[in-house]
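*Asks:* Here you go, one structure.
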Amino acid sequence: MIVVDDVLTEVEDDLAHGDHASARRRLREALITRPHRMDLRRRLAEVYRMLGDLPQAGRWGFLEDDAPADEIQAFRTACGDGASLMLEALAWGEDDDGEEEDEGQITATAWERIAELRRADSAARRNDGSHRHRDRPGQPSAVPYPFTPPGGITRPVTETPKKKRPRLRELVGLALVLVGLAAVLVVVLAIGAGVVWLIKEFVDSARF
């Protein structure tokens, strides 16, 4: 079972080293088996917010009470405002997916927004008479999931990127290399000293 606290700790380490890609990957992989963990969704939204990716920030923050309106709108636009595609992008699954302990994290807002999308999706299916989503007239075309941000709705990144610092395992590896080089140097010096001593002994014995 995915240990959420461990995932979040690893994500913080990734972000401290400027590794946003690994942070996103960890969170999205954890959400596959723990789709109802609101803390994982919230952190993933924050990571995308750092990068200025409004559609993805809105996607993962959509179920939050205080999700920024521009991010929610960007997410809706990226999905063509289609309930079916939005549900797919949210990756909520069934209500009984994940672990029982995760149910306590689900807020009334999250339940209502999921229910609202399901009602809209059901209504669209009935109107279409099929199992495919039909874009509403006047709405932008949906970008295939997983979508990429359409032009014009990406917030500029204003934060100064953190300078990447070497990780502990990299420092340990460097230390081992230095220790190895030092050991080789000691051996070379010892061999050199032995050669000098032998030459001196040979010269001294030759005199007599």
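*Asks:* Quick one: in region 191-208, which of the residues that are small (Gly, Ala, Ser) and either loosely packed, with under 10 Cβ neighbours inside 10 Å or in contact with a Phe, Trp or Tyr (Cβ under 7 Å, 6 or more places away or on another chain) (or both) is modelled with the highest pLDDT?
*Replies:* Checking each candidate, the answer is Ser205.
*Asks:* Next question. Output yes when any residue across region 64-80 is modelled with pLDDT of 90 or more, of a type outside the set (Val, Ile, Thr) and out of contact with any helix residue (DSSP H, G or I) (no Cβ under 8 Å at 6 or more places or on another chain), and no when none is.
*Replies:* Yes.
*Asks:* Give region 167-190 a look and list any residue that's charged (D, E, K, R) and surrounded by 10 or more Cβ atoms within 10 Å (Cβ to Cβ), or say none. Even if it seems obvious, please write down each step before you answer.
*Replies:* Of the residues in region 167-190, the ones charged (D, E, K, R) are 167, 169-170.
If the condition is that a residue be charged (D, E, K, R) and surrounded by 10 or more Cβ atoms within 10 Å (Cβ to Cβ), then Arg167, Glu170 are the ones that fit.
*Asks:* Report, by residue number, each residue of region 69-97 that is in contact with a Leu (Cβ under 9 Å, 6 or more places away or on another chain) and among the small types (Gly, Ala, Ser).
*Replies:* Ala74, Ala78, Ala83, Ser84, Ala91
*Asks:* Within region 93-109, identify whether any single residue is modelled with pLDDT of 90 or more, under 30 Å from Ile2 (Cβ atoms), surrounded by 18 or more Cβ atoms within 10 Å (Cβ to Cβ) and of a type outside the set (Ser, Thr, Tyr), and answer yes or no.
*Replies:* no
*Asks:* Between Glu170, Glu159, which is among the acidic types (Asp, Glu) and modelled with pLDDT under 70?
*Replies:* Of the residues listed, the single one that is among the acidic types (Asp, Glu) and modelled with pLDDT under 70 is Glu159.
*Asks:* Please report, ordered by residue number, the helices (runs of 4 or more DSSP H) entirely within region 1-91 with at least 2 residues that are in the same structural domain as Ala120 (by TED's automatic domain parsing) and either free of Cβ contacts under 8 Å to residues at least 24 places away in the same chain or of a type in the set (Ser, Thr, Tyr) (or both).
*Replies:* Fully inside region 1-91 and qualifying: 4-16, 20-33, 38-50, 54-61, 69-78.
*Asks:* Taking Ala45 as the residue in question, decide whether it is of a type in the set (Gly, Ala, Ser) and surrounded by fewer than 16 Cβ atoms within 10 Å (Cβ to Cβ).
*Replies:* When the stated conditions are applied, Ala45 does not pass them.
*Asks:* Out of all the residues in region 15-46, which are basic (Lys, Arg) and either over 16 Å from Arg59 (Cα atoms) or over 13 Å from the mean Cα position of the chain (by Cα) (or both)?
*Replies:* Step one: filter region 15-46 for residues basic (Lys, Arg), giving 24-26, 28, 34, 37, 41-43.
Answer for region 15-46, where residues must be basic (Lys, Arg) and either over 16 Å from Arg59 (Cα atoms) or over 13 Å from the mean Cα position of the chain (by Cα) (or both): Arg26, Arg34, Arg37.
The values are calculated or read from the model by the stated rules, or taken from the named source; none is laboratory data. Predicted, not measured: the structure shown is a model, and the values here were computed from it. In this analysis, Cβ positions are derived from the backbone assuming ideal geometry, glycine residues included, and neighbour counts consider all displayed protein chains.
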